[in-house]
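The values are calculated or read from the model by the stated rules, or taken from the named source; none is laboratory data. Please read these numbers as outputs of a predicted model, since none were measured by experiment. Note: ideal-geometry Cβ built from the backbone for every residue, glycine included; neighbour counts use all protein chains shown.
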Amino acid sequence: MLMGRLNPNNGGVKLIAVGSLSEKTSVQANCDFNRSDAAEPIPSSGVLDLTYKSDDYTCGFNTQLVEGEDAQMKFSFLQTLSTSIAAGVEASYDTGKASAHASFGARYSGADFLASTNYSIQQGSPNHQIQCHYLKQVDPKVSLAASLTCVPKTKVANVSLGYVFNLQTAKISAKMDSSWKMHATVEEHIAPGFSLLFSGMLDHVKEDYKFGVGLQVGQ
């Protein structure tokens, strides 16, 4: 399938191609061709996604090209070990900086909870990072979550706790972490496909407070 769109403001062209190379292999390409002489020029870019799905594992390859910048490449692999356990690896490479990043992780899921952990390393950096996440669905309307992020080399750790309430006409979510930052969002469904958003962020250490309101169209 091939789709195209012309931007009347600057004459740019966007193309999206989606297809299957085989029963288990799919490919998608996104290309933005923009005019360099436009009033507000935007670099042309392209993204290629290649995915292979087997019965118990999935492989993915992604590359991004932006005019005037070096190529970015990403590889991912996810292996299903059982109905509840899966493990995988993700690696990215910046051709310009000759820098690589890798992350190894696993997840365990039950009927009403999800637990995951991952270990990430950056080439040339000793600050390897460990992350652990846990999500518990208390009932159809309430979910609780906790996460831990730590950098063993610097002995720095951060803990976050959060919750989500799905009410009949609204969704309320909030998070607080060990650095005394609090985030809260209220999503009010005012009509089918329309939601009114209220959000706030409190940083007690820096005494920085931000609040916002917005309108979301679509789901």
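A few notes on this one:
- Search result, residues across region 65-91 that are small (Gly, Ala, Ser) and either more than 18 Å from Tyr119 (Cβ to Cβ) or assigned by TED's automatic domain parsing to the domain that holds Ser44 (or both): Gly68, Ala71, Ser82, Ser84
- Selection within region 22-46 - of a type in the set (D, E, K, R) and either within 23 Å of Met73 (Cβ to Cβ) or modelled with pLDDT of 85 or more (or both): Glu23, Lys24, Asp32
- Qualifying residue in region 62-85 (condition: at pLDDT below 95, among the small types (Gly, Ala, Ser), loosely packed, with under 15 Cβ neighbours inside 10 Å and part of a strand (DSSP E or B)): no
- Some residue of region 166-173 being of a type in the set (Gly, Ala, Ser), in contact (Cβ under 8 Å) with a residue 24 or more places away in the chain and more than 30 Å from Thr63 (Cβ to Cβ): no
- Test for Ala111: is it in a strand (DSSP E or B) and either in the same structural domain as Asn158 (by TED's automatic domain parsing) or exposed (fewer than 15 other Cβ atoms within 10 Å of the Cβ) (or both): no
- Filter result (farther than 12 Å from Tyr163 by Cβ and of a type in the set (S, T, N, Q)) within region 127-153: Asn127, Gln129, Gln131, Ser147, Thr149
- A search for C-beta distances below 7 Å between a residue of region 65-83 that is closer than 24 Å to Arg107 by Cα and any residue that is loosely packed, with under 13 Cβ neighbours inside 10 Å, counting only pairs 6+ apart in sequence or on different chains, returns Gln79/Asp56; Thr80/Asp56.
- Only one of the numbered conditions (1) closer than 30 Å to Phe104 by Cα; (2) of a type outside the set (Gly, Ala, Ser); (3) outside the structural domain of Phe113 (by TED's automatic domain parsing) is violated by Met201, and that is (1).
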